[in-house]
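Chemist: Here it is: the structure, laid out below.
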Amino acid sequence: MTVKPKSWNPFKIYRGFKEMLKRLSDKNISGNLVGEGLIQGGIIIFDRNGKARYAYREETGFEVPINDIIAAVRTVKSKDEYSLS
């Protein structure tokens with residue numbers, strides 16, 4: 001997967017980096033900033049039959065949409081429970 005920055009403007013990159021560090025600091029999350037910073041992850045939610053029902057691809061510097069993920073888990077769970085009855 002290729003990571004494409006939204007901008008190559010050094011001022012925007014610096015501002016985004018500072019905003020990210022502030023969010024981490026506000027949440028008392030520390031790190032050493034060592035390692036591969038461009039490797040991204042994500043979340044896939046599968047139903048009981050193994051079919052992917054929700055996917056989120058991580059975007060560096062942005063918060064994970066936790067409310068969307070919780071809603072997706074609840075939706076998949078309720079559909080699975082409905083199909084079992």
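Each value in this text was obtained by applying a stated rule to the coordinates, not by laboratory testing. Predicted model, so just to flag it, every value in this text is computed and none were measured. Neighbour counts run over all protein chains shown; Cβ positions are idealised from the backbone, glycine included.
Chemist: Using a 7 Å offset from Cα along Cα-Cβ at MET20, what residues in region 43-64 end up with backbone N under 12 Å from the label point?
Modeler: Hits in region 43-64 for MET20 at 12 Å: 59-63.
Chemist: If you take every residue apart from GLU19 with its C-beta less than 12 Å away from the C-beta of GLU19, what net charge results, scoring Lys and Arg +1 and Asp and Glu -1?
Modeler: +3
Chemist: When Lys and Arg each count +1 and Asp and Glu each count -1, what net charge do the other residues less than 13 Å away from SER78, Cβ to Cβ, add up to?
Modeler: +2
Chemist: Residues with beta-carbon under 12 Å from that of ILE44, excluding ILE44: net charge, scoring Lys, Arg +1 and Asp, Glu -1?
Modeler: +1
Chemist: Now for a separate question. If you take the Cα Rg of region 43-85 and divide it by 2.2 N^0.38 Å, with N the number of residues, what do you get?
Modeler: 1.30
Chemist: Report the GluC sites (Glu not before Pro) located in region 8-61 that are in a DSSP loop and have at most 14 other Cβ atoms inside 10 Å of their Cβ, or state none.
Modeler: GLU36, GLU58, GLU59
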